[in-house]
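Contents: one structure, followed by commentary.
The values are calculated or read from the model by the stated rules, or taken from the named source; none is laboratory data. Owing to the predicted nature of the structure, the values given are computational and were not obtained by experimental measurement. Cβ placement follows ideal geometry from the backbone for every residue including glycine, while neighbour counts extend to all protein chains displayed. Each accessible area value is taken on the protein alone, full model and side chains, heavy atoms only, with ligands, DNA and RNA left out. Shrake-Rupley method; radii C 1.70, N 1.55, O 1.52, S 1.80 Å.
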Amino acid sequence: MNFKKIIPVVLIVILFTTGCMGHAHVQKNELMTEEVNKEDDIKKAENKEINAKITKAEARKIVLDGLEKYFNQKVDTKKFKEEILLQEEDTLWPNKYWVVRWGYGNSKTPTYGGGIDIQTGEIVNLIDNHEIDIKKDIKKYDKVDIKEMRRVAEGFIEKNNIVKKNENIQLFNVGVDDKNDKTHIKYRYNEDHFIYIRIDNRTKKVIDMEKCIIREYGKKGENLNINRETAKKIALESIEKYFDKKLDPQDLIDDIQLMEKDRTWWRVCFKDKKGLEQNGKSELPYVYIEAKTGELIGAGDGPIDRYEEKDREEINIEKAKQLALNYIDRKKLVNDIKKLKFSKKNKLTYPNHCEMDFKYDKSKTVRVTLDTKAKRILFWAIF
């Protein structure tokens with residue numbers, strides 16, 4: 001399997017889903033389907049309503065076999081409370097799937113678990129938290145070594161043949177969660193397929209594997225005025241124009257999605273290959289492009305800077321307003337800046353960052369988010 005190098009996502013409004021498994025528990029060794037919290041997104045289901053090719057008993061066996069194969073864990077199910085539920089809706093998986101899990105008492109974290117597609121029997125996810133208590137006695141790590149964690153994740157994927165050799169797999173995102181002692185590594189393959197690997201920072205072991213399919217990444221936009229390649233070209237030109245940064249495509253990995261909801265638009269981000277591979281970070285500008293016209297409807301310049309109390313700089317509303325207007329005028333976001341009307345609702349809500357709205361041509365609004373200390377624009381949009 002060839003692991004190609006790639007870049008992370010940088011986006012203020014990106015949604016990163018990290019898990020699909022809920023957190024309810026039932027009596028020991030009792031197989032059942034029950035209604036759980038709505039936030040878990042697992043709904044009550046009756047057998048007569050389910051057109052499943054894979055039964056609950058079959059799903060249970062697949063999970064147990066998977067835990068033994070992938071994590072070398074032969075689970076003694078008699079020690080745990082057991083439940084099998086139905087995940088009916090999941091934006092990251094096309095079919096319903098059985099959620100099988102075992103845990104102690106009222107713990108919200110299952111000790112073992114897995115998700116099995118009710119139509120195909122494919123493993124959607126597997127979880128092994130059996131060392132959750134043991135690891136408390138393990139010495140705290142000083143710093144996560146991203147390269148080491150990648151070797152653990154990629155070794156796990158290759159050893160278990162999770163992604164076929166002819167499928168193009170690429171590093172896509174890295175996140176370190178020091179609070180919960182976990183490192184999350186995301187890989188993409190076949191354009192719109194993803195696999196999440198979660199590693200315990202102390203034991204350096206994989207504790208969770210999950211597959212996802214995000215169709216927006218595979219759409220080419222062949223029938224649109226602005227297709228994927230054109231959107232990419234517009235994005236690179238726009239980033240140079242609005243943020244004075246010239247990006248070399250050779251150093252980037254595309255993170256481009258076609259969003260189709262109330263309107264159709266391209267969300268174009270890029271990942272800094274070197275930064276992602278070395279330290280798990282990528283902080284690059286991004287743009288939103290109207291798919292029918294090629295018009296930019298928004299653009300941002302990486303993450304928001306955080307300042308210590310002593311470094312904060314107070315600013316009044318008039319100075320913030322002028323910073324926003326200077327940028328709008330300099331970058332020609334509108335044809336006639338004199339038509340802009342300052343919204344009376346604008347106010348300074350945080351010490352060094354603020355959001356300014358300007359009405360334009362009655363029906364449009366220009367919004368600019370700025371860092372008032374660094375005197376830079378973080379994001380702008382026209383809607």
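Summary table
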item: Qualifying residue in the range 181-199 (condition: in contact with a Ser or Thr (Cβ under 6 Å, 6 or more places away or on another chain), open to solvent by less than 50 Å² (accessible area, probe 1.4 Å) and within 24 Å of Val152 (Cβ to Cβ)); result: yes
item: Output for the range 168-186, where each listed residue is polar (S, T, N, Q) and either under 16 Å from Asn279 (Cβ atoms) or not in a strand (DSSP E or B) (or both); result: Asn168, Asn173, Asn180, Thr183
item: Residues located in the range 150-188, provided they are among the hydrophobic types (A, V, I, L, M, F, W, C) and closer than 14 Å to Met209 by Cα; result: Val152, Ala153, Phe156, Ile157, Ile162, Val163, Ile185
item: Where Asn125 falls short, out of the listed (1) over 30 Å from Ser282 (Cα atoms); (2) in a strand (DSSP E or B); (3) within 22 Å of the chain's Cα centre (by Cα); (4) not aliphatic (A, V, I, L, M); result: (1)
item: Hey, Lys332 assigned to a loop (DSSP other than H, G, I, E, B) and under 29 Å from Leu284 (Cβ atoms) or not; result: yes
item: Candidate set: the range 333-383, residues that are acidic (Asp, Glu) and open to solvent by 60 Å² or more (accessible area, probe 1.4 Å); chosen: the one modelled with the highest pLDDT; result: Glu355
item: Boolean, Lys205 is touching a strand residue (DSSP E or B) at 6+ places or on another chain (Cβ under 8 Å), of a type in the set (Lys, Arg) and closer than 30 Å to Asn129 by Cβ; result: yes
item: The range 48-74 residues that are over 11 Å from Ile118 (Cβ atoms), paired with ones that are open to solvent by less than 40 Å² (accessible area, probe 1.4 Å) and of a type in the set (Asp, Glu) (beta carbon under 6 Å, 6 or more apart); result: Phe71/Asp128; Gln73/Asp128
item: Gly114 being modelled with pLDDT of 95 or more and surrounded by 15 or more Cβ atoms within 10 Å (Cβ to Cβ); result: yes
item: Single unsatisfied condition, Ile239 versus (1) open to solvent by less than 10 Å² (accessible area, probe 1.4 Å); (2) over 30 Å from Tyr97 (Cα atoms); (3) assigned to a strand (DSSP E or B); (4) not small (Gly, Ala, Ser); result: (3)
item: Selection from the range 200-236 of residues that are open to solvent by less than 20 Å² (accessible area, probe 1.4 Å), part of a helix (DSSP H, G or I) and hydrophobic (A, V, I, L, M, F, W, C); result: Ala231, Ala235
item: Cross-chain or 6+ apart pairs with Cβ under 6 Å, the range 81-92 first and surrounded by fewer than 16 Cβ atoms within 10 Å (Cβ to Cβ), then among the acidic types (Asp, Glu) and part of a loop (DSSP other than H, G, I, E, B); result: Glu89/Asp41
